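The values are calculated or read from the model by the stated rules, or taken from the named source; none is laboratory data. Please read all numbers here as calculations on a predicted model, not as lab measurements. No Cβ is skipped: glycine too gets one built from the backbone with ideal geometry, and neighbour counts run over all protein chains shown.
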Number of protein chains: 2
Amino acid sequence: MKKKQSTAIEVAKLANVSQSTVSRVFTPGAKVSPKTQKRVLDAAQKIGYRPNALARGLITNKTNIVGLVMGNIQNPFYPEILDKLTKSLYERGYHVLFFHTKNDEIDQDEISQFLEYNVEGVIMTDVLLSSSVVSRLSTHDIPIVLFNRYTQDSSCHSVCCDNYAAGKKIAEYLFKQGHQKFTYISGRINTSTSRDREKGFVEFLTQKGIKPIVEEGDYTYEAGYNVARQLLKDSNRPDAIFCANDIMALGVIDAAKNLGISIPNDLSIIGFDDIAMASWPLYSLTTWQQPVNEMIEETINILLNRVEEETTKPKCLFLSGSLIERKSVKILKE
Amino acid sequence: MKKKQSTAIEVAKLANVSQSTVSRVFTPGAKVSPKTQKRVLDAAQKIGYRPNALARGLITNKTNIVGLVMGNIQNPFYPEILDKLTKSLYERGYHVLFFHTKNDEIDQDEISQFLEYNVEGVIMTDVLLSSSVVSRLSTHDIPIVLFNRYTQDSSCHSVCCDNYAAGKKIAEYLFKQGHQKFTYISGRINTSTSRDREKGFVEFLTQKGIKPIVEEGDYTYEAGYNVARQLLKDSNRPDAIFCANDIMALGVIDAAKNLGISIPNDLSIIGFDDIAMASWPLYSLTTWQQPVNEMIEETINILLNRVEEETTKPKCLFLSGSLIERKSVKILKE
């Protein structure tokens, strides 16, 4: 049995005020005279009453809880996002109710939980969501911000790295170093991140009259390793590989090393994300750094300012990021 | 402005029952006749009323929220724990309110948040907590389970890998392979995990008349790399290194490779945790696998059964785990 908590009723009794006066004292912005406030606070302190965030949430409809849905936490990019998001939200007085989806796709049951816990908004990272999920949350007026994802019909707010532009820049960079045979190893093909990176990469090269090979990966180290094992045995193997994320690129590097292929002399590799491991000396991976801090800042701004701007259409932000040059790409000697 | 939610008052009006009857219908285990229940549920459905977990929490004192405090999420061991803990709790109808501590030590402000959100229990992983924090939570009768940590005075429940016994086994294993010069690279020295692994390792070797060297690390890749850079330049370098966690061991392997030292021929390395990267082919790290699933199971059992067993003293469980042999240790030829 839990110990009984002091209630607002007891505080009201002791301070000789009504229960609704006690509520007002603990509701930010509510009107109450300084004299009454002091009397209530003194009484509260005396009997150990603490205002309850959940109770306050029921009155003000503000729980200060944000739901966060995350899928593939094995990719080191996402723990970093979780870390930074939690800190930024905490600094603004918000807390994270964490959901890890069992499947790629978020289901109705999980949505029910958001509603039950009266979350003020939901941030979704690498998960798929159906239009029925979006409409159910919007019926209840709970804003969603997709982090590094967007829906084709723009029904949700979203904050993304400009994956398309980044794919183009990466192709241009490799092209300028004099590479000729290009391969793209994709992430899961149903993700907008992988599709856009591929689109930018392929478009740039096509304009130069080059047809890159596209191999299917799934954003895991194992996929990078296995795809590269096959690919690099071929005598007509690529001289430059762009991987849809860093963790796959590390798999490609390891597969190449195992086959005795020297990086970057025989093969250039570029990743995406700039996870901590990319800078480890034996990898020293050239990669695209997503503008994580800016992305998080914008995500939170949209989520928390949403209340005042409900007439505006969903926002879709695309932020640039930048190429981090390390040692996995052969540099053109002039 | 948020849309107004249908309230229990409206449901009560429509169903022609009192508000407390509506509450009872939505409170698990509360008494209400089947006929009344049907009338209330029909009314609720008609006007789109949904029971609110937070409101129910105020009535039943059950919010089904567990607070989780995690520090160093950059060590891949912890995202895995987060993932599995969240899943296991979700299966039992509980949700995780996630806290990432700014500092090593959890502070009073963070504790206030647990109280405000009326969490039913708190799980703490790699964070330090003072006795004042423990006593404050226990005043409010909120159980704490330390995950892979314990307090010297056993004031909290805790579920640990038996780090002391594992340290001994690791020393024994290396000793039996014929190694002679041993080094331990510690984690952060104020952690029980690192101290116990060291104690077991040193004790076993001391009994064999060997005095191992102890170097200070901090559980990061960079520490492993930097300590090894210094250590391995010495002509009297060790032939076996035990690292307090895997991520440091990977740093040691990379430093050794950079110095042209062959693993395992010239140097044997053992880690601790069995993170996913330990099995990557270019590392193939022999390590101690913590019994993660069992540890999570026990943690949740203690937390959720705690209510019925409040008279018992704090539980301290030590679970074994097992050695995973890969290719980073030189095997004795007979």
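Some values worked out for this structure:
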{"item": "Complete set of residues in the range A:259-290 that are within 14 Å of chain B (Cβ to nearest Cβ) and free of Cβ contacts under 8 Å to residues at least 24 places away in the same chain", "result": "A:Gly260, A:Trp280, A:Pro281, A:Leu282"}
{"item": "Hits in the range B:152-164 - residues which are surrounded by 20 or more Cβ atoms within 10 Å (Cβ to Cβ) and either among the polar types (S, T, N, Q) or assigned to a helix (DSSP H, G or I) (or both)", "result": "B:Ser158, B:Asn163"}
{"item": "The range B:93-113: number of residues that are in contact with a Leu (Cβ under 7 Å, 6 or more places away or on another chain) and either within 24 Å of A:Ile111 (Cα to Cα) or within 11 Å of chain A (Cβ to nearest Cβ) (or both)", "result": "5"}
{"item": "Yes/no for B:Ser322 being within 12 Å of another protein chain (Cβ to nearest Cβ) and out of contact with any helix residue (DSSP H, G or I) (no Cβ under 6 Å at 6 or more places or on another chain)", "result": "no"}
{"item": "Odd one out for A:Ser186 among (1) surrounded by fewer than 23 Cβ atoms within 10 Å (Cβ to Cβ); (2) over 30 Å from A:Arg92 (Cβ atoms); (3) without any contact (Cβ under 8 Å) to a residue 60 or more places away in the chain", "result": "(1)"}
{"item": "Failed item in (1) of a type outside the set (S, T, N, Q); (2) free of Cβ contacts under 8 Å to residues at least 60 places away in the same chain; (3) touching a strand residue (DSSP E or B) at 6+ places or on another chain (Cβ under 9 Å), with B:Asp107 passing the rest", "result": "(3)"}
{"item": "Restricting the range B:212-249 to residues that are touching a Ser or Thr at 6+ places or on another chain (Cβ under 6 Å) and buried (at least 20 other Cβ atoms within 10 Å of the Cβ), the residue that is nearest to the other protein chains (Cβ to nearest Cβ)", "result": "B:Asp246"}
{"item": "Those residues of the range A:195-211 which are among the β-branched types (Val, Ile, Thr) and surrounded by 14 or more Cβ atoms within 10 Å (Cβ to Cβ), in sequence order", "result": "A:Val202, A:Ile210"}
{"item": "Scan of the range B:132-151 for residues that are without any contact (Cβ under 8 Å) to a residue 40 or more places away in the chain, closer than 28 Å to B:Glu203 by Cβ and not in a strand (DSSP E or B), ordered by number", "result": "B:Thr151"}
{"item": "Test for B:Leu267: is it at pLDDT 95 or above and either among the hydrophobic types (A, V, I, L, M, F, W, C) or under 30 Å from A:Arg229 (Cα atoms) (or both)", "result": "yes"}
{"item": "Residue check for B:Ile73: surrounded by 21 or more Cβ atoms within 10 Å (Cβ to Cβ), modelled with pLDDT under 80 and not assigned by TED's automatic domain parsing to the domain that holds B:Asn190", "result": "yes"}
{"item": "Residue check, B:Leu250 in contact (Cβ under 8 Å) with a residue 12 or more places away in the chain and more than 25 Å from B:Asn72 (Cβ to Cβ)", "result": "no"}
{"item": "Test result for B:Asn148, at positive phi, crowded, with 22+ Cβ neighbours inside 10 Å and under 21 Å from the mean Cα position of the chain (by Cα)", "result": "yes"}
{"item": "Spans of strands (runs of 3 or more DSSP E) in the range B:232-334 with at least 1 residues farther than 30 Å from B:Ile144 by Cβ and either among the basic types (Lys, Arg) or touching a strand residue (DSSP E or B) at 6+ places or on another chain (Cβ under 7 Å) (or both)", "result": "B:240-243, B:268-273, B:286-289, B:322-324"}
{"item": "All positions within the range B:120-154 that are touching a His at 6+ places or on another chain (Cβ under 9 Å) and among the hydrophobic types (A, V, I, L, M, F, W, C)", "result": "B:Ile144, B:Val145, B:Leu146"}
{"item": "Residue that is nearest to B:Ile331 (Cα to Cα), among those in the range B:165-205 that are aliphatic (A, V, I, L, M) and assigned to a helix (DSSP H, G or I)", "result": "B:Leu174"}
{"item": "Residue that is modelled with the lowest pLDDT [pool: residues in the range B:1-43 that are under 28 Å from A:Ile142 (Cβ atoms), within 42 Å of the chain's Cα centre (by Cα) and basic (Lys, Arg)]", "result": "B:Lys2"}
{"item": "Residue match in the range A:80-97 (condition: modelled with pLDDT of 75 or more and on the phi > 0 side of the Ramachandran plot)", "result": "yes"}
{"item": "Residue selected from the range A:114-131 under the condition outside any loop (DSSP other than H, G, I, E, B) and more than 20 Å from the chain's Cα centre (by Cα), by the criterion nearest to the other protein chains (Cβ to nearest Cβ)", "result": "A:Glu116"}
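Let's see how each residue does on (1) buried (at least 18 other Cβ atoms within 10 Å of the Cβ); (2) more than 30 Å from A:Thr7 (Cα to Cα); (3) hydroxyl-bearing (Ser, Thr, Tyr):
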position: B:Leu137; (1), (2), (3): yes, no, no
position: B:Ala166; (1), (2), (3): yes, yes, no
position: B:His179; (1), (2), (3): yes, yes, no
position: B:Thr193; (1), (2), (3): yes, yes, yes
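Residue-wise test of (1) outside the structural domain of B:Tyr150 (by TED's automatic domain parsing); (2) of a type in the set (A, V, I, L, M, F, W, C); (3) within 25 Å of the chain's Cα centre (by Cα); (4) on the phi < 0 side of the Ramachandran plot.
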residue: B:Pro238; (1), (2), (3), (4): yes, no, no, yes
residue: B:Met248; (1), (2), (3), (4): yes, yes, yes, yes
residue: B:Val252; (1), (2), (3), (4): yes, yes, yes, yes
residue: B:Ile261; (1), (2), (3), (4): yes, yes, no, yes
residue: B:Ser279; (1), (2), (3), (4): yes, no, yes, yes
residue: B:Tyr283; (1), (2), (3), (4): yes, no, yes, yes
residue: B:Ile300; (1), (2), (3), (4): no, yes, yes, yes
